[in-house]
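The values are calculated or read from the model by the stated rules, or taken from the named source; none is laboratory data. All values derive from a computational prediction rather than experimental measurement. Reconstructed Cβ throughout: ideal geometry from the backbone, glycine too, with neighbour counts over all protein chains shown. These area figures cover heavy atoms from the full protein model, side chains too; ligands, DNA and RNA do not enter into them. Shrake-Rupley method; radii C 1.70, N 1.55, O 1.52, S 1.80 Å.
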Amino acid sequence: MKNLKKDCFNPFFSHIYVEKSVRNHARAQKILAEFPSAEIIEISYYKDVFCRSRQSHPIQHRTQKLILAARQGTLLYEGAPVCQSFGNQYFYYVSCAMNCIFDCEYCYLKGMYPSANIVVFVNLEDIFAAVEQMLEKHPLYLCVSYDTDLLALEHIIGYAQEWCLFAARHENLKIEIRTKCANRSFARSVVPLPGVIYAFTLSPQAVIEAFEHHTPSLTERLSCAGEMMRAGCPVRLCFDPMVYVPDWKQHYEAMLAQVCRMIDMERIVDVSVGTFRISQDYLKNMRRQEPDSAVIWFPFQRKDGYCHYPNDLMEQMECFLTEQLEEKISREKIFRWRM
Amino acid sequence: MVYIFTALYCEAQIFIRQFKLVKNQENTWLQEFYNESAEIRLAVIGVGEIAAAAAVGSICALYRPAPGDLLVNVGICAHTAKNDGIFLCSKIIENATGKTFYPDMLYRHNFCEGTLVTGMLPWNGENAAPAGNLYDMEAAAVYQAGSRFFGPHQMIFLKIVSDHGAVGEVSRERVLHLMEKYQDCVLDYIGQTAAITQTGSCRRNSPHQEEERLVETICADLHCSKAMRDSVRHMIRYLTLAKIDYVSVIQDMYEKKLLPCKDKREGKLRFEEFKERLF
């Protein structure tokens, strides 16, 4: 048992749960080949593992397991009211993977899902078919990396690349790949496509250190975003969620100064600005899971089932950043989320 | 606290001896042993799913396990091929219903891992071979009853192979021998897993006595209603977690005679003022 003393937790993806129906699926086989020493546990349905009662997010996050499954039922969802549509009329998102390898204390996934383990749906072809069906009716703005961080999982599942190839074949499809990742190898090999927007979520380094565990630093994220822009990729910067910390003004000012030093602001597609807000039900779950997390124990205001910072503070924070951004880019490129 | 459940007394003996457990004489419906200082409670739950579920449910309802507690089910089992070995179960199938249960596999260990089938009757080697490679008569029931009180990260199922279908040959002496053979690795694993779980739980639920005293004083001086008291408590919780120096603001309010307040109306104003000074 000497291993237990030294490093008590199993390594990430030490166990992979695989739905029987996808065991021989090509994507499942490819992913499993990445983990030759993992214990493979066959399951009937991913929810048998993912939706067990009384799971602990903080403990599972120390040693996340991978679940390979087939997505059934609804494959495309309409964008939620708390999400920014960037002026797109047909705003949808897909969930080809659930949960994230990063461990941000304020992440809504912790309130939405009963488990911290990662589910990857290997039947991406079915999602593509559903998207194509919708594209026959109207154009589509599709967020493919909402319930996960696809670029952070790219070396294992390669889905960002698959989405890029798919988007390249469909002119009336615009996809957003949102990330906190600094996947330099992806950035170096990326083929720029006008219909694929890479959206980097940015926070001051103090916020990253306090709440966004295991994520790349601000410098790393900006450097990756810069590299992708230089390669010709459309890049969006998301100052969303803005998180309250004492001295937030100084931190956000310093962050913006660094952004302007490292990024050619004239070449970015757009930016989003929004303070932290979350469904009341998710927040309740998160507080139960994380009783010692300052960021989610903030005394929020409630409105229509959503929790947000007090109106004054929300206004102050968003106006501050928006005004600063207006000095760097045109107003039309700034999308501020409003209740 | 570690709750150990074994089907047989001879499976429990290594724990009773090692942890110096004493019998709870007040418990007359099942054999229960404990050592409060070692934080171990053991129950001999009997053979079969119904006996196991009843006993686990009864013990857990009585003692109300905490988030840092562990449930451990240890005992002998059959194996479809092997005659020996110890297994940590990663999947448990209830034979009667086909339901499956998955304890979290969180910690490093040196055991083999396996799928365990729980049946109503002993596996005699002549029945159709069970879907898994291990076979017992309690684990699925222990999991189901235990899951009312424990999360999957708090449940451990360790099974020692006693036979491969020749249940009649498994004597009390053989069970004792097998338990003793594996006792070091079992005790080591339980001890260290319990320590990790307990440490995590203490860190997460550390008492905030000083904070609570302060909340009580402020609430009294603000003449808080129940709803306002909850708001104050929440605010202080947040300020403590965020390491914001609210104590000096409160002290300053006392020095300026803004606190204590004369009534609830003034209390509301002062609380708003307190928030404004902090944000």
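Using the alpha-carbon centroid of each, what span in Å lies between segment A:211-260 and segment A:277-334?
Going from one Cα centre to the other spans 17 Å.
For B:E113, which sequence-distant residues (separation of 5 or more, or a different chain) have an amide H within less than 5 Å of its own amide H, given hydrogens modelled in the peptide plane?
Amide H neighbours of B:E113: B:L88.
Shielding of A:46-53 by partners, i.e. mean partner chain Cβ atoms within 10 Å per residue?
Values: counts 0, 0, 5, 6, 1, 0, 8, 5.
Mean partner-chain Cβ count within 10 Å for A:46-53: 3.
Give me the inter-chain shielding for B:187-193: mean count of other chain Cβ atoms within 10 Å, whole number please.
Neighbouring Cβ atoms belonging to other protein chains average 2 per residue here.
Please give the solvent-accessible surface of B:S171 in Å², to the nearest 10, using a probe radius of 1.4 Å with every protein chain present.
50
Could you give me the ³J(HN,Hα) list for segment A:282-288, computed from phi with Karplus coefficients 6.51, -1.76, 1.60 and θ = phi - 60°, whole Hz, x at Gly and Pro?
5, 4, 4, 4, 5, 5, 5
With +1 on each Lys and Arg Cβ and -1 on each Asp and Glu Cβ, how big is the dipole of segment B:2-181 about its Cα centre, in debye rounded to the nearest 20? All intermediate terms of the calculation are to be shown ahead of the outcome.
Working: 14 positive and 18 negative charges, 51 e Å.
Dipole of segment B:2-181, to the nearest 20 debye: 240 debye.
What does the helix-only formula give at 222 nm for chain B: each DSSP H stretch with n ≥ 4 adding -39500 (n - 2.57), the total divided by the residues, and the result rounded to the nearest 500 deg cm²/dmol? Show your work: numbers first, answer last.
Values: 9 runs with 119 residues, N = 279.
One gets -13500 deg cm²/dmol as the mean residue ellipticity at 222 nm.
Taking the highest mean first, how do the peptides A:323-330, A:141-148 order by number of other beta carbon atoms within 10 angstrom per residue? Before the final figure, lay out each step's value.
On the way: A:323-330: 14.4, A:141-148: 24.0.
By packing density, highest mean first, the sequence is A:141-148, A:323-330.
Pick out the long, greasy-scoring helices in chain B: whole DSSP H runs spanning 27 Å or more along their own axis by Cα, mean Kyte-Doolittle at least -1.0. Provide the component values of the computation, followed by the final result.
Working: long enough: B:183-204 (31 Å, -0.27).
Qualifying helices, which must be both long enough and hydrophobic enough, are B:183-204.
Just tell me how shielded A:289-302 is by partners: mean number of partner chain Cβ atoms within 10 Å of each residue's Cβ, no decimals.
Details: counts 1, 2, 6, 8, 3, 8, 3, 2, 8, 7, 10, 2, 0, 0.
Mean partner shielding for this stretch: 4.
I want to check the label-to-label distance for B:S225 and B:C185. Put each point 7 Å from Cα in the C-beta direction and report it in nm to one decimal.
Each label point is offset 7 Å from its Cα along the Cβ direction, giving 6.3 nm.
Taking square-rooted eigenvalues a ≥ b ≥ c of the alpha carbon gyration tensor, is segment A:200-249 rounded, prolate or oblate, where a/c under 1.5 means rounded and, failing that, a/b exceeding b/c means prolate?
Numbers: a/c = 2.88, a/b = 1.97, b/c = 1.46.
The shape class here is prolate.
Among B:V249, B:F274, B:L214, whose Cα projects farthest towards the positive end of the dipole of segment B:207-278, with charges put on the beta-carbon of Lys, Arg (+1) and Asp, Glu (-1)?
B:F274
What does the charge count near A:R54 come to, summing +1 for each Lys or Arg and -1 for each Asp or Glu among other residues with Cβ under 11 Å from its Cβ?
Values: positive: A:R52, A:R288, B:R148; negative: B:D104.
Around A:R54, the surrounding residues sum to +2.
Grab the other residues whose beta carbon is less than 11 angstrom from that of A:I329, score K and R as +1, D and E as -1, and report the net.
On the way: positive: A:R267, A:K328, A:R331, A:K333; negative: A:D264, A:E266, A:D270, A:E326, A:E327, A:E332.
Neighbour charge sum, excluding A:I329 itself: -2.
Between B:K99 and A:C260, what FRET efficiency comes out of the Förster formula 1/(1 + (r/R0)^6) with R0 = 45 Å and r the beta carbon distance, rounded to 0.05? Display every interim value, and only then the final one.
Details: r = 58 Å, r/R0 = 1.28.
Efficiency for this residue pair is about 0.20.
Total accessible area buried between chains B and A, 1.4 Å probe, in Å² to the nearest 100? Please report the intermediate quantities before stating the final value.
Values: alone 14510 and 15740 Å², together 26730 Å².
Answer for the B-A pair: about 3500 Å² buried.
Taking a virtual spin label 7 Å from the Cα of A:A70 along the C-beta vector, which residues in segment A:36-53 bring their backbone nitrogen under 19 Å of it?
The answer is A:41-50, whose backbone nitrogens lie closer than 19 Å to the label point.
Karplus couplings for segment A:27-33 from phi (6.51 cos²θ - 1.76 cosθ + 1.60, θ = phi - 60°), rounded to Hz, Gly and Pro as x?
Result, ordered by residue: 5, 4, 4, 5, 5, 4, 5 Hz.
With chain A treated as a Gaussian network of Cα nodes joined by springs under 10 Å, which of A:M262, A:M242, A:M228 yields the largest mean-square fluctuation?
Result: A:M262 has the largest fluctuation of those listed.
Carbon-plus-sulfur fraction of the accessible area of segment B:22-124, 1.4 Å probe, in percent?
On the way: 2280 of 4180 Å².
So the carbon and sulfur contribution to the accessible surface is 54 percent.
Starting from the 7 Å offset along Cα-to-Cβ, what nm value, one decimal, do you get for the label separation of A:S37 and A:Y77?
In this crude spin-label approximation the distance works out to 3.6 nm.
Among A:126-134, B:148-156, what's the highest-first ranking by average C-beta atoms within 10 angstrom per residue? Walk me through the intermediate numbers first.
Numbers: A:126-134: 16.2, B:148-156: 22.8.
The most tightly packed comes first, giving B:148-156, A:126-134.
Which ³J(HN,Hα) values in Hz, rounded to whole numbers, follow from the phi angles of segment A:290-302 under the Karplus curve 6.51 cos²θ - 1.76 cosθ + 1.60, where θ = phi - 60° and Gly and Pro get x?
Listing the rounded values in order: 10, x, 10, 9, 4, 5, 9, 8, 4, x, 6, 9, 10 Hz.
At A:K20 and A:Q205, where each label point lies 7 Å from the Cα along Cα→Cβ, what is the point-to-point distance in nanometres?
5.4
Under 5 Å between amide H atoms, partner at least 5 residues away or on a different chain: which partners does B:Q31 have, H built in plane at 1.01 Å?
B:V44
For Cα pairs less than 8 Å apart in space and 6+ apart in sequence, what is the mean separation divided by the residue count of chain B, i.e. the relative contact order in percent?
About 18 percent, as a whole number.
Which residues' amide hydrogens lie under 5 Å from the amide hydrogen of B:M155, considering only partners 5 or more residues apart or on another chain, with H built in the peptide plane?
Close amide H contacts, sequence-distant or interchain: B:L71, B:D104.
What order, most packed first, do the peptides B:255-265, A:244-254 have when packing is the mean number of other Cβ atoms within 10 Å of each residue?
Details: B:255-265: 12.0, A:244-254: 16.6.
Result, highest mean first: A:244-254, B:255-265.
Given the Cα-Cα distance of A:H213 and A:Q89 and 0.36 nm per residue of separation, how much length would full extension add, in nm? Can you show the working numbers first?
Details: separation 124, 0.36 × 124 = 44.64 nm, distance 3.44 nm.
Stretched fully, the A:H213-A:Q89 segment lengthens by 41.2 nm.
Computed over the Cα atoms of segment A:271-339, what is the ratio Rg over Rh, Rh following Kirkwood?
Numbers: Rg = 14.1 Å, Rh = 13.3 Å.
Taking Rg over the Kirkwood Rh, I get 1.06.
Roughly how big is segment B:207-278's charge dipole about its Cα centre, with Cβ charges of +1 (Lys, Arg) and -1 (Asp, Glu), in debye to the nearest 20? Provide the component values of the computation, followed by the final result.
On the way: 15 positive and 14 negative charges, 52 e Å.
Around 240 debye, computed over segment B:207-278.
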